[in-house]
Amino acid sequence: MAFDADSVKLGRRGLLAGGGALGLTGVLAACGNDDSSSDDGAEGTGPWEFTDDRDETTELEATPTKIVAFTGMAAALYDFGIEIPAVYGPTTNEDGTPTTQAGNLPVADLEVFGNVYGEFDVEAYAAYGPEVMMTHYYIDPASLWYVPAESAENITSLAPVVALSANDEGLSNTLDTVIGRHAELAESLGADLDSETNAANKERYDAAVEALKAAAAANPVKVLACAAAADTFYASSPLMGNDTRFFLELGVDIIVPDALDEATGSYFEFLSWENVDKYQADVLLLDNRVQSLQPAQLTEYPTFQALPAVQEGQIVGWEAEPMYSYGLAAASIEALATAIQNAKKLF
């Protein structure tokens, strides 16, 4: 997990995510209970219950099908075999293509209640009549991912919420365990974790993990997890991401910045472009989300271009909001393993 490069002044939650109370609770609740406002969707089986990472249990008479999920969670569930009809969060780019967080979701077929941080169409959500909302949280279970704080009470009053922890600031909460929890949620919704596809994805994931471990042992290069904005370069702490914590466990030598910004949760150190060379990194693990500048956009930044890792082409895309299915996660782990395996030691 990293930050939103365009939201530096929004505080920690805004930094991490992407970028007045509506006073409509009564009206919206009425909309949410109006079955005529939208299709019923496929009939689920039941009863259904699931206990989330807040230790809150949601119980429904039938397995829900009218699920609204944060895009990243929807992508994970879809990869396990669960159709998610509606989402909120970064789903499409300006040209209509899927964002990195959307994974393999059929984005053109989805109901989207908000495509950027701070955007959530509460009235449309209410009219849709969701059976359950599913999302993540980081550290604070009361702060639901990409749910705007000013309208959170209205939104959460309309349907039960299932929330999984993406970061508990503890070493036990790593990518591996977070994916496992998404698998449990998918299975509760009807996914067959032993299906041919899911078994193949798990096999690929396990192989990718072993490949990364082997690459880190054979070629112990230094890696910097980072991201770029127009005015600032961010050196990210590997201790604050469930994926980077997992990579550390596997032996990857990821640099821990020595001047982390405590005011924004110690997720990263702000570096000016003049000081972008502070850390001697052999490989750059660069945030590949749309809000972070990518290598093609960084050609106009001479101090970035002067970095030895850049000159050697030793940059690998980083899913700074990791993908929580075995198939999706395997691809990013494989890319990192390959980058480390092929990297030259520059320092």
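Using a probe radius of 1.4 angstrom, the carbon and sulfur fraction of the accessible surface of the stretch 193-347 is 51%. Ordered from largest to smallest accessible area (heavy atoms of protein chains, 1.4 Å probe), the residues Lys278, Lys344, Lys66 come out as Lys344, Lys278, Lys66.
The GluC sites (Glu not before Pro) of the stretch 43-89 that DSSP puts in a loop, and whose beta carbon has at most 10 other beta carbons within 10 Å, are Glu43, Glu61. Past the 22 angstrom mark, what percentage of all C-alpha to C-alpha distances in the stretch 256-334 do you count? Summing the P(r) of the stretch 256-334 above 22 Å gives 32 percent of all pairs.
For Glu150 and Glu210, a Förster radius of 56 Å and the Cβ-Cβ distance give a FRET efficiency of 0.75, rounded to the nearest 0.05. For the stretch 279-288, the Karplus equation 6.51 cos²θ - 1.76 cosθ + 1.60, evaluated at θ = phi - 60°, returns couplings of 9, 8, 9, 7, 9, 9, 9, 9, 3, 9 Hz by residue, with Gly and Pro reported as x.
How long is the gain from Ser157 to Ser272 if the chain were fully straight, where each residue apart is worth 0.36 nm and the alpha carbon distance is subtracted?
This chain segment gains 37.1 nm when fully extended.
Ranked from largest, the principal axis spans of the Cα set of the stretch 88-174 equal 38, 29, 22 Å. Using 1/(1 + (r/R0)^6) with R0 = 30 angstrom and r between the beta carbons of Glu49 and Ala124, what's the FRET efficiency to the nearest 0.05? Plugging the Cβ-Cβ distance into 1/(1 + (r/R0)^6) gives 0.60.
Considering only Thr156, Thr264, Ala186, the residue lying farthest towards the positive end of the dipole of the chain is Thr264, judged by Cα position with unit charges set on Cβ. In the stretch 63-104, the portion of solvent-accessible area held by carbon and sulfur atoms comes to 46 percent [1.4 Å probe, whole percent, DNA, RNA and ligands not counted]. Taking a straight line from the alpha carbon of Lys213, these aspartates and glutamates sit under 19 Å away, with near neighbours fewer than eight places off in the same chain left out: Asp176, Glu203, Asp243, Glu249, Asp253, Asp282, Glu319, Glu334.
Where only DSSP H runs of four or more residues are counted, the chain gives -9000 deg cm²/dmol as its mean residue ellipticity at 222 nm, each run worth -39500 (n - 2.57).
The values are calculated or read from the model by the stated rules, or taken from the named source; none is laboratory data. Keep in mind that this is a model prediction, so the values were computed, not measured. Here the Cβ is made from the backbone with ideal geometry for all residues, glycine too, and neighbour counts use every protein chain on show. Heavy atoms of the whole protein, side chains included, go into the accessibility calculation; ligands, DNA and RNA do not. Shrake-Rupley method; radii C 1.70, N 1.55, O 1.52, S 1.80 Å.
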